[in-house]
Amino acid sequence: MKTWWGTCDLSEEGVLQKQIGPLWLAIKQDKYEWQIYYERITDWHDDAAARAVIPESFVLGEETLKERYVLNNNAQKVVLMPVLADRAVVARPATPFYVPVRQTATIFISTPLWVSIALGDAKESLAEIPILRPSDTWFGPDTRRGELCYASRTSARMAITELPKRSHRATTPVQIRNDSDSHLLLERINLPVPYLEIYEAADHRLWTQAVKMIRKEDAETATLEILDGPPSLIQGAKLLTDAREKIKEKTIIRTISGFFA
């Protein structure tokens, strides 16, 4: 699987084109402005996500979206970097499952990415484009308590060898431990991705730190801990993108409804 993150050169015509997963992206330098074109491919198949493709020609379709940025910047390079969502992602397993009393389960959850676009040596991002815009969802015990999140489906795979190669998503190993005296039914899992970093493995797959979630003995509270560095099972991983937000405490404590549903 190829990587397409980092510094990219514009063509002689001042255009850069990339395709990643379902997103076609073109960045064009004009005399007094920069133009960003993007379109999500409707007939895209998941198996094609492992390939980063540069289209042969610059052709706009009826569904192509355009953004204009008026600024004086004659950069000949564009920096493309992956970033995680700016809200927590609520992952819904395709099949809900139980973590029995005093048991631990480790699952892999992949979440969608945005493309951060910066010009030349600029430290600030010019724009962020979602590769695949997830739908909004509310997570909480009622309409007054909770938070607005993004929704995502997950297969909740438990073996790393079963993970598909997807260059448009980042994978988080999530360890869930049930210390209570009753089974823990998992239908939705609230993953605070703004606190996570992105790492690129030697095979160019994208990962975040591992996360440990514990349902406490009282069955009413839960803790979440973000472990340091790339997952231990990933070899040769390097830091690609810092977290959007710095976490104040290493361990987050909430009521059970703050993490699980």
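We did not get these values from a lab; they are worked out from the coordinates using the rules stated. Everything numeric here is computed off the predicted structure, so don't read it as measured data. Heads up, the Cβs are rebuilt from the backbone with ideal geometry, glycines too, and the neighbour counts pull from every protein chain shown.
For the options L224, L16, L65, a Gaussian network treatment of the chain with springs between C-alpha atoms closer than 10 Å singles out L65 as fluctuating the most.
Alpha-carbon geometry of segment 130-257: the Rg and the Dmax are 15.4, 44 Å, given in that order.
In terms of its Cα atoms, the chain spans 66, 40, 34 Å along the principal axes, sorted from long to short.
Starting from the Kirkwood Rh over alpha-carbon pairs, what translational D in µm² s⁻¹ does segment 155-196 have by Stokes-Einstein at 37 °C and 0.692 mPa s? Write out the running numbers ahead of the final one.
Numbers: Rh = 13.0 Å.
Roughly 252 µm²/s, to the nearest whole number.
I need the GluC sites (Glu not before Pro) found in segment 199-257, filtered to DSSP loop residues with at most 16 other beta carbons within 10 Å of theirs.
Numbers: sites: E200, E217, E220, E225, E245, E249; in loops: E217, E220, E245, E249.
Passing sites in segment 199-257 are E217, E220, E245, E249.
For segment 8-38, the list of trypsin sites (Lys or Arg not before Pro) that fall in a loop by DSSP and count at most 13 other C-beta atoms within 10 angstrom reads K31.
Once you keep just the Cα pairs under 8 angstrom separated by 6 or more residues, what percentage relative contact order results for the chain? Kindly include the intermediate steps, with their values, before the conclusion.
Working: 629 pairs, mean separation 49.6, N = 261.
Relative contact order comes out at 19 percent.
Centre-to-centre, using Cα atoms only, segment 136-199 and segment 91-125 are separated by 7 Å. Taking segment 187-255, how much of its Cα-Cα pair set, in percent, is spaced more than 16 angstrom apart? Percent of Cα pairs beyond 16 Å in segment 187-255: 52.
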